[in-house]
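Report on the structure given below.
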Amino acid sequence: MAAKLRKGDKVVVLAGKDKGKTGDIVSVDPKAGKAVVDGVNVAIRHTRQSQSSQGGRIPKALPVDLSNLAIVDANGKATRVGFRTEDGKKVRFAKTTGDVI
């Protein structure tokens, strides 16, 4: 099945403690149905110092369920994603505006 949300998409969080926040998708795990969004669902991780990295309390973005994310259209509102063929290629489009994503 084609992915409705992909790496680099601008999304808004629909539910949870970060509801209403927007950010870009850093990575997607389709098998688990989760995505990591920059600046959303951030937790502090304590890391030990090593030769290559500085130790301390490092903020890390944790995965968010795909069902709690919606893509942002040209108007800045949350929208659903649809698929259609244009010039023999399958493209994603925003259901609210009809624009190709």
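The values are calculated or read from the model by the stated rules, or taken from the named source; none is laboratory data. These numbers come from a predicted model, not from an experiment. What goes into the accessible areas is simple: the full protein's heavy atoms, side chains included, and nothing from ligands, DNA or RNA. Shrake-Rupley method; radii C 1.70, N 1.55, O 1.52, S 1.80 Å.
Amide H contacts for VAL37 (H built 1.01 Å from N in the peptide plane; partners 5 or more residues away or on another chain; cut-off under 5 Å): VAL26, VAL64.
Find the eigenvalues of the gyration tensor of the Cα atoms of the chain, then list the square roots of 5 times those eigenvalues as equivalent ellipsoid semi-axes, largest first, in whole angstrom. Walk me through the intermediate numbers first.
On the way: eigenvalues 200, 46, 24 Å².
Here the semi-axes work out to 32, 15, 11 Å.
Across the stretch 69-85, rounded Karplus estimates of 3J(HN,Hα) from the backbone phi angles (6.51 cos²θ - 1.76 cosθ + 1.60, θ = phi - 60°) give 10, 9, 6, 9, 8, 5, 7, x, 9, 5, 9, 8, 10, x, 10, 8, 9 Hz, Gly and Pro being marked x. Backbone amide hydrogens, once placed in the peptide plane, bring THR96 within less than 5 Å of ARG80, excluding anything fewer than 5 places away on its chain. Using the Karplus relation 6.51 cos²θ - 1.76 cosθ + 1.60 with θ = phi - 60°, the per-residue 3J(HN,Hα) values for the stretch 89-97 come to 10, 7, 10, 8, 9, 7, 5, 6, 9 Hz, with x marking Gly and Pro. Amide H contacts under 5 Å for LEU69: LEU14, restricted to partners 5 or more places along the chain or on a different chain, H placed in the peptide plane at 1.01 Å from N. Candidate cross-link partners of LYS7 among the aspartates and glutamates, defined by an alpha-carbon separation under 20 Å and a same-chain spacing of 8 or more, comprise ASP18, ASP24, ASP29, ASP38, ASP65, ASP73, ASP99. A 1.4 Å probe run over the chain, with the rest of the protein chains in place, finds 70 Å² accessible per residue.
With all protein chains present, how much of the accessible area of the chain (probe radius 1.4 Å) comes from carbon and sulfur, to the nearest whole percent?
On the way: 3480 of 7030 Å².
Reported share for carbon and sulfur atoms: 49 percent.
For the stretch 54-66, the Karplus equation 6.51 cos²θ - 1.76 cosθ + 1.60, evaluated at θ = phi - 60°, returns couplings of 6, x, x, 8, 10, x, 9, 7, 9, x, 10, 5, 4 Hz by residue, with Gly and Pro reported as x.
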